[in-house]
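All of the numbers you see were taken from the coordinates with simple rules; none came from a lab. Please read all numbers here as calculations on a predicted model, not as lab measurements. Using ideal geometry, Cβ is built from the backbone for each residue, glycine included, and neighbour counts are taken over all protein chains shown.
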Amino acid sequence: MRFTDGPSTHCDTLINASAERVWQLVTDIELPIRLSPELHRVTWLDGAEGPALGARFEGHNRSELLGDWRTVSHVVELAELSAFAWAVTDEDGRYGAPTQDPAAALATWRFDLAPEADGVRLRQSVRIGPGNSGVTTAIERWPDKEEYILDFRLNDLRTAMAANLADIKSRAEQADR
C-alpha cells in the first residue's frame, strides 16, 4: 500500500437502537473526546451550533510523537439519518502550505448509518490524505518504511474507531431501553 493509493479503513457495528438516537450521537462532535488518544477539544466555528453542510469546527490534538496541533474540519456530506462526513484541513500550515480546501484534506472521516431488521448498522471510516500530515512527514523521513507507516497508522485508527463505535453502541442502546 502506498500513500498515493488513498489508504483507508473502517469499522462497523450493529446497534439495537433508533436511527434518530444513533444520528444524535454521531453528529455530536464532542463525543469522540472521551476516548480519542489524540483529540482533546473541539469547537464549532463561524457561529455554527451543530452540523450543517459547509460548517466548520476546529479540533485540538495532542500526541507524544507529534506534540500539539490544531485542525479545522469542514462538513462535506450531511444526509439526515444516513451520512455525516468531514474533511480535516491544515489551516495553520503545520505540514506544509496552509490550506482551507477540503479537497486537500489531511484525512476525511465519515459515519454511515444503514437500517437493518435489528437496528442500525453504523460504519465509521477514514481516508488518509491526499494532503500532507504526520503520516507524510514520517514517509518522507523513512520512504523505505512507507507500507509499515501506513499499516501502523491505519491500525491505530481502527483501534480508536472500534472503541468509539462501542461507546456509541452502549450509549444508544441504553438510551433506547
What is the magnitude of the charge dipole of segment 84-177 about its Cα centre, with +1 placed on the Cβ of each Lys and Arg, -1 on the Cβ of each Asp and Glu, and no other charges, expressed in debye to the nearest 20? 200 debye
Charges on Cβ only, +1 for Lys and Arg, -1 for Asp and Glu, centred on the Cα centroid of segment 1-155; of 105, 115, 128, which one is farthest towards the dipole's positive end? 128
Along segment 22-36, what does the Karplus equation 6.51 cos²θ - 1.76 cosθ + 1.60 (θ = phi - 60°) give for ³J(HN,Hα), rounded to whole Hz, x for Gly and Pro? 5, 4, 4, 6, 6, 8, 8, 5, 7, 4, x, 4, 4, 10, 5
If you place +1 on the Cβ of every Lys and Arg and -1 on the Cβ of every Asp and Glu, how big does the dipole about the Cα centre of the chain come out, in debye to the nearest 20? 240 debye
A convex hull over the alpha carbons of segment 3-175 yields, per residue, a volume in Å³ of 110 Å³
Where does helix 146-175 land angle-wise versus the long Cα axis of the chain, in degrees 0 to 90, nearest 10? 20 degrees
Estimated vicinal HN-Hα couplings, Hz - segment 125-131 in sequence order (Karplus 6.51, -1.76, 1.60; Gly, Pro = x): 9, 9, 10, 7, x, x, x
In what sequence do 153, 41 fall when counting other Cβ within 10 Å, fewest first? 41, 153
Which one, 22, 54, 44, is farthest towards the positive end of the dipole of segment 3-175 when Lys and Arg carry +1 and Asp and Glu -1 on their Cβ? 22
222 nm [θ] for the chain, helices only, -39500 (n - 2.57) per DSSP H run of 4+, per residue, to 500? -8500 deg cm²/dmol
